[in-house]
Structures are given as structure tokens and as C-alpha cells.
1. Name the residues whose placed amide hydrogens come within less than 5 Å of the amide hydrogen of G238, ignoring near sequence neighbours (fewer than 5 apart) on the same chain.
2. On a 0 to 90° scale, report how tilted helix 203-220 is relative to the longest principal axis of the chain, with both axes built from alpha carbons and the result rounded to the nearest 10.
3. Which angle between 0 and 90 degrees, to the nearest 10, do you get for helix 6-15 versus the longest principal axis of the chain when only C-alpha atoms count?
4. With an 8 Å Cα cut-off and a minimum separation of 6 or more residues, compute the relative contact order for the chain in percent.
5. Which Rg and Dmax, in Å, describe the Cα atoms of the chain?
6. Quick one: work out the % antiparallel among DSSP beta bridges in the chain, nearest 5.
7. Over region 209-354, calculate the relative contact order: mean separation of alpha carbon pairs under 8 Å at least 6 apart, over the residue count, as a percent.
8. Any chance you could list P(r) for region 197-306, counting all Cα-Cα pairs in 10 angstrom bins from zero, rounded to whole %?
Amino acid sequence: MKINIIKWLSLSLLTATLITGCTKTFDEINTDPDALSTVPATNILGDVLRTTTTQQGGDMDGYGTFAGYIVKIQYLDDLSGLIPSNNTYGNRWNNCYWGNTQLNTLLENTEAAADGNKNIRWAARIWKNYLWFYALDSWGDIPYSEALRGETSKGGILLSKYDNQKDIYTDVLANMKTIADEMAVGGGTDKIGAGDFLFSGSVAKWQKFCNSIRLRAAMRISAVAPALAKQTIEEICGNPTKYPLIETNDDNAYFFWQGSSPYFEPWYDNKRTRDDHGLSDIFINHLLDTNDPRISAIAKPATKDDTYRGFQNGAAAQPQLNTISRIGAIYRDNPSGFTPYYKSCETFFIKAEAAMLGYNVGITAADAYDKAVRLSMASNNISNDLTDAYLAGKGKWDNTKARIWWEQWVALFKENHEAWCLYRRTGVPTTNYVSLRSIYGTTHTDQPFRLPYPQNQYLYNKAQLDLAVASQGIVDYCWGKQLWWDTRTGVK
């Protein structure tokens, strides 16, 4: 849906804070009768969704570069920005904890009438756990069990310890299963409201999103927790009525922007005043080598010679700008475009890989792969004829996990954080490489394993942070030991 109510949301949140008056004591406060005494739950949910999407949706030269999609063509990348004081990453860390704090407030405010607020409480709990997964996959060990407990009534813990990512992952998966089981019993009577910018109040779509994120997380840990992964994936796929999934493009978890200032789609907004980004050589070369028709949607040919051409990550010198392909129109030219959180094709790529692992998912790997590719092609407005030709040619099923992973990599474009996770888990694209002008020289030969912990942790929680850095062997903020589920070898 177009977000034509964000301005209303922001105004409502602001109004709720405008409590004024002159009194002799703090216990006697004159309250503006026109001001809201509490913020409606739907406003809180909407503000967290919008803020999260602002932080994640604008990424191009972070995750987009780590995943092998996008490169800088004017201010060439040298990895010098991967430091704690870079607010790009610090703000995303803060958003995870701020978002959880706000959603906890929503849950506390609706606790007394929980039965009458089931639907919005489910949405809030699902998003809370989504934020935890995002933080885990970005940083590794994070404050969790002692986080958000600064108030005296909640323990008065101001310096939270860092928990092991494996333990947190297991707990968050369990939380999501609890929510999924509750939703399977039947929905509530309340409306999620106008703040549901993701699914327009559809409880059924929230239910599908919950199970789809469970599916994703389970596959993420399949190499390091195979029993839990198999149990989770087979449980979901074995009972589609109880655990429905996102399986059509109509159900994609897309956040559509309002399309007017200041709520332009972030990639479009960047393009209005900047021309800093082109497409990576490894991405364009792969699309060309495989005769992938999605190239017409993903990229624009260079204006100089109408040729698709990528550029090296961190090359020695800036290119002639009119020789490099830019991002395609459907991804960057629409002011009311989308920020994706989950695409239906991902469900079938996961099922295809699960079938290859011997899991019982109710579909063969070949059929799941075919379905995944077709969904991806359709979402890029590629015709059935071109799709058929691709699947009979360079995109033909070859009964390998590598075939799945390469296709999934292409399909995840713009969902850059998830593509970076895919790369760290599988090593695809195998042609990926670190910036050629890296300030670290040859010390690190691979893209970052994690994001840098933010400056505020170094300033205010350093003792706990130092323990986490030491236990993970972190060097240069972003390398060291790989994340728990990253089992690649020979990377540094």
C-alpha cells in the first residue's frame, strides 16, 4: 500500500508528547485537553516499521557491496568507513534496541486487554523477533537477556552483557514458534490499524511472514544446528494449513513508500541528488554470462554505448561514468517504490535446498527451484516465454545446491542484507571479492564478516563489549571469527 498516512502518524506521535501547563507541584499537571494522553498502539507499530525501513531500506554501498551487487563509482570504496563512529551502522544497531523498546511499550499498554488486542500484539511480537534476527545476523553476539532492563522495575541493568548468538538464535526461533502456534488457533477481533504499513492490516499476511522468517532462520543454521533446522523446516512445510508461508508475489513483504517528501523511497531519494553508485562487475558479468533476462529490470545499459557493464569494487581509478550500468528503473526510479523484507521466491529456494538436504518439504528440489525462478522472473516483469527459455538454457536445473544459491542471489537483489547473509553462509557468489583499494591491504581477503559495534558501546558499555570482542576474536572491527552459522573456510 502507498503510505499516505505517515504524516498523520508522525503528527499523532508528536501530539502525544505535547503535555503542557503551569503548576506548583509536579503532581499537579495541567494537560492540554486536545493532546493524546497515550499513543495508540497502531501508531507505535507504524513508527517502528517506518523507522526500521528508513534505516535498512537506504542501503546501497554497505550490504549491497558486501553481497556483490553495487559499487561506488565516484567516491571509490576503501573500507575506511567500517568503524564504530560510522553512524550508518550505529543507527541500525540503535534502531534494533529502540524498536524493541517501543514495541515493549505497545505490549505493556495493551496487556490489560490482551485478548482484545491479539492481532496487533502478534504483529508487534513478530517484529520484535525480526529485529533480533537482524541484529544477530549483522553483529553476532549482542546484548539480549539483560537488554532493555535499565528501569529499576525491570532490574536496573545499565551495562548489559553480550549473549552468545547461538543461544539467542535458539530462543528467538522458539519465540517465533510460540507466536505461530497461537496464530494457528485463530485470529483476534481487533484491527491492526492504519499503522500497519507492511501488510495493510492483514493478519493472514503477518502469519505467513512469521512462518517465512522461521523458515529462513532455520535454513540459516542448517549447517551448525541440523537437527533443529530439519525439525523446524519439516514442521512448517508439513502443515501448510497451520503454518502458511509467503508463496505468491501478492504476499511479498514489501514496504511501499508514500512517494512525496520526506517519504520518498530511499534509493530514489538518493538518486535525486547523487550519482555515486553503479552495478558490480561480478553481478553484471553473471547476468550476461547466464543470459538472464532479469538484467533488463535490474540494470540500465551504459549511456555511452547501450551496453551492460559493471565496475570493479574499489578500483584504482574512477571510471568514465557514462560507461557503467546503473540500477534498473523498478528498483530506483519510483518515488513510491518498495523496500523488500521477504520475497515469495525465497520460500521455494529454501524448500529446494531443504529437499536437497533430504528434508521432507512436500515438493521436489527441481519443482521448488522452478517455482522460485518463475516467481522471481514475474516480480521483475519478465515474460513467460523468456522465463521458459532461461529455464531451458543457462538457468536449467542441474540438481546442485550451487544452482539454487546462484539463482537465489540474483533474486534477492535489493534485499541486500539477506543477500549478504546468503553469501556468508554459502560462499555464493564465489566471484565476490573485497575492495581492491582496501586500507587493510591483503590482511582481509573477504567481505566483512559482521558490522562494527557502535561507538556508544565503546563509550558506555566497554567492559562487556571487550569480553564479546575477545570471545569472537574480532579484529579490525568487522573480521576475526565468522558468525556462528558461517562455516566457510579459507576466508579472512
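The values are calculated or read from the model by the stated rules, or taken from the named source; none is laboratory data. The structure displayed is predicted, hence computed values, not measured ones. All Cβ positions, even for glycine, are placed from backbone atoms using ideal geometry, and neighbour counts span all protein chains on display. Ligands, DNA and RNA are excluded from the accessible area calculation, which covers all protein heavy atoms including side chains. Shrake-Rupley method; radii C 1.70, N 1.55, O 1.52, S 1.80 Å.
1. Under 5 Å from the amide H of G238 lies no amide H from a residue far enough along the sequence or on another chain.
2. 60 degrees
3. 30 degrees
4. Value for the chain: 20 percent.
5. Cα radius of gyration and Dmax of the chain are 22.9, 80 Å respectively.
6. Bridges in the chain that DSSP calls antiparallel: roughly 90 percent.
7. 32 percent
8. Histogramming region 197-306 at 10 Å steps yields 11, 24, 27, 28, 9, 1 percent.
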